[in-house]
C-alpha cells in the first residue's frame, strides 16, 4: 500500500524556487535543473569530499578568520594612533623594541609573562570545572601580601625560606578564593560575583595592612617618608635570576612553564582531571557519578586561587615588579590580564604560554612608547581590541558547530 | 566604638553628608536601573563599569566641544550605547561569553578613555544647580534632593520609565519572558537575543546619563579613575536588591550612604580607616547575598546564552 | 482535495496538481537538510478546513521539522507554503500567527513565573491591554470548557491545566489552522478524552483545519479524518483514516510488516489479549529485596509536596513498572535514585543497606544503575569521548594511582562497543557525534557493566525508533533474568503492561494503586492515573 510521492515531477517555473538559505547549512546544496526538465536536489561538494580535503579546508577557514580579526584589531589601533596625531609605524617599532628587540628586553618580557601564565593556568583549572573565577587580581594581591608578610616580618632564614614564602603566597591566594568557594557551596552565592567583589576588598585590606606597621608597613627609618610601602624582601627570600643570551629573568619562568604542562597533563590524564571536566561539562551527570561539586568545584577554586597567589608571590620575589617591595596597586592588572590570557587560549595551558608572552610583550613594549609621544595606555586599547578580535572566530565556529550538532538527527534538543 | 557611634550621629545630622550620599546614590542608580533591565532579560552585564566611563568621557568631550550641558548628556548617551553595542552584539549575536566580553570592554574602555583624555585633554566644568523652591528648604535632606543640577533630576524620570517599560509594556513582558524562559519565549515568537540586546542598550543609555552626571554634576572634570570600580557597586546593587527595582534603588541609597560616610568623616574631623570603609559596600553585599541567595530568585536564565534549539 | 483517495493508496493526486478548493494549508515539495540528515525530503501536505489531519511517524521521521516549518521556527531549504491560496514565507512564529497558524506545543511555550494572562499575551503585536486579554481568556474558557484563572501563576498550575493555558494561548488569536504536537503525552486518559472533544469542537463546529502530530496509532485512528505517514523525511503514504487499521498504519510507518509484540507496544497499539504472548512471570516473593523506599517524602522549594510518603520495593529479578501521567513525581523519583535530589523524610535501602540520599555518587556506588529520562541531563557528557563516558562512574578498572590508563580504557571500551553494538568511529569519538539511540546504548552499556543490583529505567524508549526500542526492552528483560531488580518508570502504559511483573500507579506524587501484572487492566490503571482510587 506504500507509494512514494516524493519524486513527483514539477514543472520548472511553477514556483519552486529556493526559498531561503538558512545559514551555512544551505551551502551544502545547489539546485540544479535536471536534463529532463525536472528540479532535482543533489548534495553539492565543491571539493572532492575526502576527509583530508575537508579538514584542510576547515583549518584554512580558521586561519583566515583569525587573520582577518587580528588584522582588524591592529588596523583599528593604528587608525586610532594616526587619528590622534601619532605615527603607528613608530608605535609599532617602539613596542617591538620594548618587548623583544631591545637588549635584555626579552628577559623583561619573560618576567612579566610568568605571573600572567600562572594566573592563566589557575583560571583554566576553575574554568574546566565550570566555575567563573574572575577575582584573580584580588587573589594575587592577597598572595603577594602573605608573601611580603612572611618575608619581611617573620625574619626566618635558611635555604628553604624562599619556598616557604611562595607557600605562604599560595595559601593566601587559595584562602581568598576559598571564601568564594565556601559561599558558593554552603550558601549558594554565585562565585562570579563573590570573586569579583573580593577584588576590591582585597585591595582595601592590603591597603590597610600597608598603613600599619604591625602588618606590612616598613619601619619608619627604612621608607623615607613614604606612607604605604613594605620593607624590601631580604636577599634570601628572592627568586634567583639567571642570564641567557643577554636576557635576565627569574628562574620562576621555568617553574611556570613546567606547571603549565603539568596541569595540562593532569587535566587530560588523571582521574581528577576527568572528574573536573565532567563537573564542568555536565554537573548533574557528575553528581550522579560521584563527583561532589563542593569537593571538586571547591577544590578547583582553591587551586585557581593558589595559582593566582603563587603569581603574586613570584611577582614580589622575582624582582620584575615593585623592586621586591609591596606597594598599593602592586598587582598592576596582572590578575585581570592573566584571566584574559586564559580565556583567549581557550582552556589550553600550552596555548596560554604563547598568549601570556604576547600580552607581556605589549606591556613591556608600552614602556618604550614615551619616546614616540603616544600615551602608553594605547597598549591597553590594543590588548582589549585583540581580545575582542580573538573572541570572534571561535564564537562563529562554535555557533556553526552547534547548529549542525543540534540538528543532526534532532538529538541535541 | 563610642567614637564611631558619635561619628555616625554627626554624619546623620550633617547636611553635607546627605548631599554626598545622594550624589553617589543617584550616580549608582542611573547605572543600576539600566542594569536591572538588562538582568531581567538574562544578561549579567559587567561592562556597566565601561559604560559609565564611556559616558563620563563622552560627556566631558561634548562639554569641551560645545559648552552645552544638553549636548554633553546626549554625547554621554552615545558613549554608553556604543559600549552597549559591542557588548550586545558580541554576547547576544555571536554568543561569546558575556563575562569575557564585559571584562575586556572594561579594560578596553579604560585604556581608550585615558588614552584619548591625555591626547585631547577635555576641559569641562560643574553644571549649575536648579533650586526647587520650598522643597529645597526641608531641613537636612532638602538641599540634597531639590537643589541640584537638572541631570540629577533625570533620575526622577529614568527610574519610573524603566519600571513602566518593564512591567507595563509588551516589550517589557517579552523581556521578562526572555529572562525567565528563553526557549518558551522563542517558540512564542519572541526574538530572544534581540530583546537581550535591547536590554543592554537600555543599560547603555542610563549608564551614559550616569557618566554625564558624574562628570558634570559631581566631579566637574574628567579623570581616568573617575568611575573607579563603582560600576561594579551599581551592578551589585541590582543583586543586593534581589532583582527588584525597589530593592535595587534601596541598594544604591545604602551604598551611596556608605561611600559618602567615608568622605564625610574627615570633613567632620574624624579619623577613621578609609580602606576598610571603602570595602564596606562589597562586604555588605557578600553578607547579604549569603543570607538571601537561597531565598531570592534571580531571572532563571541569568547569564546563560541563548541559541535556538539548545537548552 | 476534491477526490480524496478512498483506497488508502495515494500518490497521483500529486503536489503539482491544482490546489483543492478551500485548502487551508498546502505544503509543496518541502525540503530541509541538516548537515548530513535530510529531515524533510520533498514533502507534500494539505490541510483542509473542518478536518483533522493526522501526521504519523516515528521519532526522527521529520514530522517535527515539518511542523516547525509551518510555524516559522525552521526555514525550509526549498519548497512552497501556500495558505488559503496565497504563497507565503514564514520567517518566524509571528509571521505564521499572522497567517492564522497556531500551535499547541508538546513541551509548552509557557513561562512559569508569569501569570496566565501574561503568557497568553506573549507573542502578539500591538499595545498591551491586560484587561482585554483577561476578558478574552474568560470568553475562550467558557466556550470550550477550559476553565482557568487568568491571574494564576503558570508555574503553580498542574500539568493538565498548563496545557489548557497553552490551548487558550493558541485559540486566543483565532487561528484557522491549529497544530497539536503530541498533545496527550502529558494527559491522563480522561483529560485526553476532553482534549479530543475540544478538538472536535474547533474542527467540526468552527471549521478550522487541524494537524495532529503523533506517534501513537490509537490516537490517530480515534481522532483524525485522514493521515499522512512519514518515514525518514519522506511522505510514504496518505490515506483516509476510515480506510485503514492499526497494523496497516504501523507497517507504513515502520516500513515493514509489524509482527513482534514489543514493536506493537512501541507503536502504542494496546492489545489487551497480548496476542497469546507469555504473560510475564510473577513469582518473585522468594527473591531478596534489592530496593526499598520507606515513606519517602520530597518537598519542592515552595514547600509543596512533590513525593508523598512513597513506599516501594523491588525484588531481584523483578520488573516493577511505575505508571502515571508525566509530571506526577516520576522525575523526582528517578532523581532521588540518581543521588541528584535529597529527600525530606523517609529512607532508602539498597540490598538491605541504608543509602544516604543526595550525596554525590552514593546511589551509584550502592549498586543503583540509572537510565535517565533525559540522558543529556544526567546520563552522559556530550563533550567527552565514548570511552570517558563509559567510565564516568567507576574509573578503577581503567586507572592506576589516579592516573588514567588510556590503552586499557580504549581496549575495554572497544569490547563494550562491540557487545552493545554501538555504531561509532571508535572509543575516542566525542559522544555528541553519536545518534540518540547509540548514546542511549552507551548509557546502557555503562550502567549494566557496573553490575547493578537495581536498574532504574526512566522512559527508556522515549525518542528511539522501533528497532532501538526492541533492543532496549530486550536488554531490560535480560537484566531482570540475570537477577537485577528493574524499576521501570514510564508514562507509556503499553510499555509497562508489556514488561512489568508488578505495576504501581503514581499520581500527584502518591502511590495510588499497586497490582500484579495478571490483575492489571487498562481501564483501571487509566482511572488511577487520573488520581482516582479504584
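Derivation of every value follows stated rules applied to the coordinates shown; laboratory data play no part. Since the model is a prediction, treat every value here as computed from it, not as a measurement. Because the Cβ atoms are built from the backbone with ideal geometry, glycine has one as well, and the counts that use them run over all protein chains shown.
Per-structure values
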{"item": "C-alpha center-to-center spacing [segment C:301-360, segment A:133-175] in angstrom", "result": "48"}
{"item": "Diffusion constant of segment A:123-192 at 25 °C, which comes from Stokes-Einstein with the Kirkwood Cα-pair radius and 0.890 mPa s, µm²/s", "result": "187"}
{"item": "Alpha-carbon Rg/Rh ratio, for chain C, with Rh computed the Kirkwood way", "result": "0.98"}
{"item": "Segments A:58-71, C:443-456 sorted - mean Cβ within 10 Å per residue, highest first", "result": "C:443-456, A:58-71"}
{"item": "Tensor-based shape of segment B:42-183 (alpha-carbon gyration tensor, a/c under 1.5 rounded, otherwise prolate or oblate)", "result": "oblate"}
{"item": "17 Å cut-off, amide nitrogen to a point 7 angstrom out along residue B:140 Cα→Cβ, residues in segment B:10-35", "result": "B:10-23"}
{"item": "Which of C:127, A:153 has the fewest Cβ neighbours within 10 Å, and the rest in rising order", "result": "C:127, A:153"}
{"item": "log10 of Debye I(q)/I(0), alpha-carbon scatterers only, for segment A:320-399 at 0.19, 0.22 Å⁻¹", "result": "-0.93, -1.12"}
{"item": "The protein assembly as shown - share of DSSP beta bridges that are antiparallel (%, nearest 5)", "result": "60"}
{"item": "Kirkwood hydrodynamic radius of segment B:2-292, Cα pairs, Å", "result": "19.3"}
{"item": "Share antiparallel - DSSP beta bridges, chain C, percent rounded to 5", "result": "55"}
{"item": "Distance in nm between pseudo-label sites at residue C:359 and residue B:65 (7 Å out along the Cβ direction from Cα)", "result": "6.7"}
{"item": "Ranked packing of B:122-132, A:244-254, C:73-83, most packed first, by mean Cβ within 10 Å", "result": "C:73-83, A:244-254, B:122-132"}
{"item": "Cα-based Rg and Dmax for segment C:103-175, where Dmax is the largest Cα-Cα distance (Å)", "result": "10.9, 30"}
{"item": "Ascending count of other beta-carbon atoms within 10 Å, so fewest first, for C:144, A:398, C:34", "result": "A:398, C:144, C:34"}
{"item": "Per-residue average of Cβ from other chains inside 10 Å of C:379-387", "result": "4"}
{"item": "Three-way shape label, segment A:87-373, alpha-carbon gyration tensor, a/c 1.5", "result": "oblate"}
{"item": "Exercise: per-residue mean of other protein chain Cβ atoms within 10 Å, C:113-126", "result": "4"}
{"item": "Computed E for residue C:514/residue C:218 - FRET, C-beta separation, R0 35 angstrom, nearest 0.05", "result": "0.85"}
{"item": "Within segment A:100-136: backbone nitrogen closer than 14 Å to the residue A:248 label point (7 Å, Cα to C-beta)", "result": "A:103-109, A:111"}
{"item": "Mean Cβ count within 10 Å, highest first, over the residues of peptides B:34-45, C:421-432, B:74-85, A:341-352", "result": "B:34-45, B:74-85, A:341-352, C:421-432"}
{"item": "Paired Rg and Dmax values of the protein assembly as shown, which use every Cα atom, in angstrom", "result": "33.5, 107"}
{"item": "Two-site label geometry, residue C:297 and residue B:295: point separation in nm, points 7 Å out along Cα→Cβ", "result": "2.4"}
{"item": "Pairwise FRET efficiency - residue A:153 versus residue A:64, Cβ, R0 = 45 Å, nearest 0.05", "result": "0.20"}
{"item": "Acute angle (nearest 10 degrees) that the helix C:159-171 long axis makes with the longest principal axis of chain C, alpha-carbon atoms", "result": "20"}
{"item": "Per-residue mean of C-beta atoms belonging to partner chains within 10 Å, peptide B:282-293", "result": "5"}
{"item": "Helix-only CD estimate at 222 nm, as mean residue ellipticity for the protein assembly as shown, using -39500 (n - 2.57) per DSSP H run (n ≥ 4)", "result": "-16000 deg cm²/dmol"}
{"item": "Inter-centroid distance (Cα atoms) of segment C:463-534 relative to segment B:187-261, Å", "result": "55"}
